[in-house]
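Worksheet: the structure to be examined is printed underneath.
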Amino acid sequence: MADQLILTKEGYEVLAKELQSLKTEKRAEISEKIKVARGFGDLSENSEYDEAKNEQAIVEARIVVLEKQLKNVKIVDKADLAHDKVAIGTSVTIRDKEFGDEMTYRFVNSVESSTDFDTITDESPVGKALLGHCVGETVQVTVPSGEVVEYEIINIKA
C-alpha cells in the first residue's frame with residue numbers, strides 16, 4: 001500500500017475527531033452562512049456569500065484529505081514497538097554532541113505533529129536521521145542552514 005499512513009492511536013483519534021467535526025458541525029455552520037448570505041440579495045456582488053462559499057471549498061477539501069488519510073492508515077500498537085530502535089510511536093532522548101543538551105521527543109508521522117515542541121516527525125531532517133537507529137548510536141544531521149549537527153541517542157521508550 002503505497003500511500004499508507006502510520007499513526008499512533010492518539011494521532012488517529014485526533015484526525016477522526018477533526019473529520020467528524022468538519023462533516024457535522026462545520027458543514028452545518030457554513031450552510032447557515034450561505035443561507036443568510038443569499039438573503040442579502042444579488043449574489044454577484046455579495047462578499048458574505050463569496051466568503052462562505054470559499055470557506056465551504058476549504059472545508060470540503062480538508063474532508064477529502066482526511067478521508068483519504070484515514071482510509072489508508074496503519075495504527076502503531078505500542079506493545080509491538082521495539083525498544084531498541086527509533087520508530088513512529090516511540091519517545092527518543094537525544095544529546096547534542098557539541099553542547100551536551102538533552103532533548104526528549106515523541107516520534108510521530110508528520111500528519112500528527114504538534115506545535116508543542118514535544119514531537120519530532122519522520123519527515124524532518126533530525127527525524128529522518130534518527131529513524132531506525134539504536135541507543136548509543138550517533139547520527140549526523142544536516143540542518144536547513146547547512147550546518148552538520150551530531151546527536152547521540154540516549155534512550156528510546158515505546
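Remarks
- Hits in the range 81-139 - residues which are in a loop (DSSP other than H, G, I, E, B), among the aliphatic types (A, V, I, L, M) and under 18 Å from I6 (Cβ atoms): L81, A82, V86, A87, I88, L131
- Residues of the range 108-158 that turn out to be open to solvent by 30 Å² or more (accessible area, probe 1.4 Å), of a type in the set (V, I, T) and modelled with pLDDT of 90 or more, as a count: 5
Residues checked against (1) modelled with pLDDT under 90; (2) in contact with a Ser or Thr (Cβ under 6 Å, 6 or more places away or on another chain); (3) under 14 Å from K157 (Cβ atoms):
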residue	(1), (2), (3)
K78	yes, no, yes
A82	yes, no, yes
A87	yes, no, yes
V92	no, no, yes
K97	no, no, no
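- Exactly one residue among E13, E51, E29 is open to solvent by 60 Å² or more (accessible area, probe 1.4 Å), closer than 30 Å to F107 by Cα and modelled with pLDDT of 90 or more, and that residue is E13.
- Per-region count, the range 62-98, residues open to solvent by 30 Å² or more (accessible area, probe 1.4 Å), more than 17 Å from Y12 (Cα to Cα) and touching a Leu at 6+ places or on another chain (Cβ under 8 Å): 0
- Single condition I75 does not satisfy, out of (1) in a helix (DSSP H, G or I); (2) touching a helix residue (DSSP H, G or I) at 6+ places or on another chain (Cβ under 6 Å): (1)
The values are calculated or read from the model by the stated rules, or taken from the named source; none is laboratory data. As the structure is a computational prediction, the values presented were derived from the model and not from experiment. In this analysis, Cβ positions are derived from the backbone assuming ideal geometry, glycine residues included, and neighbour counts consider all displayed protein chains. Each accessible area value is taken on the protein alone, full model and side chains, heavy atoms only, with ligands, DNA and RNA left out. Shrake-Rupley method; radii C 1.70, N 1.55, O 1.52, S 1.80 Å.
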